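Q: Okay, handing you the structure first.
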Amino acid sequence: MNELLITTMPVTCQPFRGIGAEADCYIFDDTNRTCGVDESDLALIDRRTRELRPAISRLFVDVSWFNPSFDGETFVWDGPYFAHLLRQLRLLDDIGTKLNLVLFMPQPPAVPDASPLVRAMIGLFEHLREVEGIAGLAWLTLYNEPDGMYPHDSPLARRIFGPQVDTQPPFEDYVRINREAYSLLKERGLYPEVKLVVADTVWGHPIRVERMRICAEAFADLDVVYSYHNYSSEDPALLKGNPDFAYPEMIPTEGDLPESEKSTIGSDGTVEVTLRAAELSVVGT
């Protein structure tokens with residue numbers, strides 16, 4: 001029989017925000033309904049979410065749901081997908097979950113300049129807080145795992161991303177749009193209740209450390225939050241084929257569960273953890 005030992009001894013002296021989950025609103029869409037998902041299923045998810053009471057939650061956002069022109073100015077708040085997003089946010093907000101909204105779509109290079117999308121996300125935060133009364137808005141992230149969308153130039157990056165380093169928007173554009181977002185958060189009175197999450201890096205340990213270092217240098221003068229994602233697959237073959245992604249601590253032996261990486265990023269000791277299937281995202285300000 002397995003035993004779970006609970007101890008009052010802290011595993012870290014750093015403040016701990018909590019454990020949460022990804023909570024995208026796609027569960028409400030028509031695709032799921034055509035596959036048989038109905039209101040009883042959604043009610044079950046609602047009940048389970050309220051029982052779990054995640055401390056934090058991360059949600060992907062498509063700007064087309066509320067700014068279909070992508071101009072950052074013309075908002076539509078009565079579309080079906082915005083309604084799905086709002087339904088999910090109301091549930092999480094009702095149980096006290098702190099929310100991290102991620103600009104997810106559209107992505108570069110489909111959009112030559114993401115500045116209007118940044119303005120759209122700021123407009124979304126304003127509407128959710130001031131009109132819809134969502135109180136738990138805590139973080140804004142510009143793109144999920146943007147390493148390959150806005151690659152930096154280094155020998156290691158070129159080995160991993162290859163031609164993407166030259167064909168995708170450069171890292172300098174990533175820095176620019178995040179600085180724009182930071183300024184807008186302050187101008188619109190959203191900061192410090194809402195903070196910017198940068199880096200949000202993935203891939204293997206070497207490139208992740210390199211990416212985190214250059215992000216720390218680029219945003220050293222700003223009060224931002226840093227995050228990274230650590231994937232621990234139960235299938236060794238997924239990791240063994242990529243020497244840049246796979247390193248010893250991430251390679252499970254046959255029949256064993258992988259060990260999670262034990263490291264955090266943070267200047268003032270704040271640690272925030274989001275857990276979803278096969279992912280551990282550690283965030284620190």
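Values quoted throughout were computed directly from the atomic coordinates according to the rules given, and no laboratory measurement underlies them. Since this is a predicted model, take the numbers as computed values, not measurements. No Cβ is skipped: glycine too gets one built from the backbone with ideal geometry, and neighbour counts run over all protein chains shown.
Q: Excluding Ile214 itself, what net charge comes from residues whose Cβ is under 13 Å from its Cβ, given Lys and Arg +1 and Asp and Glu -1?
A: -2
Q: Here's something else I'd like to know. Can you list residues whose amide H is under 5 Å from Val225's amide H, if they're 5+ apart or on another chain and H is modeled 1.01 Å from N?
A: HN-HN under 5 Å from Val225: Leu196, Val197, Val198.
Q: Using Cα pairs closer than 8 Å and at least 6 residues apart in sequence, work out the relative contact order for the stretch 140-201, in percent.
A: Working: 59 pairs, mean separation 28.7, N = 62.
Averaging sequence separation for qualifying contacts and normalising by length gives 46 percent for the stretch 140-201.
Q: Here's something else I'd like to know. Show me 202-211, 34-43 ranked by packing, highest mean number of other Cβ atoms within 10 Å first.
A: Listed from highest to lowest mean packing, they are 202-211, 34-43.
Q: Suppose every K and R has +1 on its Cβ and every D and E has -1 on its Cβ; what is the size of the dipole of the stretch 94-181 about the Cα centre, in Debye to the nearest 20?
A: 160 debye
Q: For a protection proxy built on the mean count of beta-carbon atoms within 10 angstrom, sort 146-152, 215-221, 72-78 highest first, please. Kindly include the intermediate steps, with their values, before the conclusion.
A: Values: 146-152: 22.0, 215-221: 15.0, 72-78: 13.0.
So the peptides 146-152, 215-221, 72-78, ranked by packing, come out 146-152, 215-221, 72-78.
Q: So, one more: Tally Lys/Arg at +1 and Asp/Glu at -1 over every other residue whose Cβ is under 14 Å from the Cβ of Val118; what's the total? Each step should come with its number before you reach the end.
A: Working: positive: Arg119, Arg176, Arg179, Lys186, Arg188; negative: Asp71, Glu73, Asp113, Glu126, Asp173, Glu180, Glu187.
It works out to a net charge of -2.
Q: How would you rank 161-167, 185-191, 21-27, highest first, on the average number of other Cβ atoms within 10 Å across their residues?
A: Descending mean neighbour count gives 21-27, 185-191, 161-167.
Q: Quick one: Karplus J couplings for the stretch 38-44, per residue in order, coefficients 6.51, -1.76, 1.60, θ = phi - 60°, nearest Hz, x for Gly and Pro?
A: In residue order, the calculated couplings are 10, 5, 5, 5, 5, 5, 5 Hz.
Q: Residues in the stretch 118-135 near a label at Thr74, defined as backbone nitrogen under 15 Å from the 7 Å Cα→Cβ point?
A: Counting only backbone N, you get 120.
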